[in-house]
Amino acid sequence: MNPLYLPLPPTTNHLYCNAHSGGRYKTKAYKAWIKEAGWQIQIQRPRKLSGWVVLDLTVERRSKRKQDIANRIKATEDLLVREGIISDDSLVQEVRARWGAKKGCEVRIWPAEEVA
């Protein structure tokens, strides 16, 4: 599958806020990212995969401050499910993630061997 290019995903820490009533809701920044990244996916028209998959992410590192790359994975997985690119994030057998110099996030997805 050709690489899929997305805007820089928000960190897991910035996906949801706690409501005063006790629930949780998506932040404005997360909603905006979902909308923009969803458009980017539609423009690129990636192939849809069913079954087990491997994800490979190269994520832009915008600053030298301490950051956890794993915090960029969840939003990306959820978006791929939302847009129908993968069936469910429970079918992600393996994730590879690294910092890179390219702007945003480059995602590569391919079928994986079925897990026993």
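Read-outs throughout are calculated quantities, based only on the coordinates presented, and are distinct from any laboratory measurement. Just so we're clear, the structure is a prediction, and the values are computed from it rather than from any experiment. Note: ideal-geometry Cβ built from the backbone for every residue, glycine included; neighbour counts use all protein chains shown.
Taking Cα atoms, how many degrees apart are the long axis of helix 28-44 and the longest axis of the chain, rounded to 10 and kept between 0 and 90?
Once rounded, one gets 20 degrees.
Please compute the modelled spin-label separation between residue 87 and residue 5, points set 7 Å along Cα→Cβ, answer in nm with one decimal.
Label-label distance for residue 5 and residue 87, simple model: 3.1 nm.
Cα centroid distance between the stretch 1-58 and the stretch 63-109, in Å?
8 Å
Could you check what % of the DSSP bridge pairs in the chain are antiparallel, to the nearest 5?
60 percent
Note down the relative contact order for the chain as a percent, whole number, built from C-alpha pairs under 8 angstrom at least six residues apart.
41 percent
Among [x] 34, 29, 26; [y] 43, 34, 31; [z] 68, 26, 25, which is the computed Cα extents along the principal axes in Å?
Only one listed value fits the structure, namely [y].
Angle between the Cα long axis of helix 73-82 and the longest principal axis of the chain, 0 to 90 degrees, nearest 10?
In the chain, helix 73-82 runs at an angle near 70 degrees to the longest axis.
Taking H placed 1.01 Å from N in the peptide plane, check which residues at least 5 places from residue 85 or on another chain put their amide H under 5 Å from its amide H.
none
Using 1/(1 + (r/R0)^6) with R0 = 41 angstrom and r between the beta carbons of residue 99 and residue 20, what's the FRET efficiency to the nearest 0.05?
Result of the calculation: an efficiency of 0.65.
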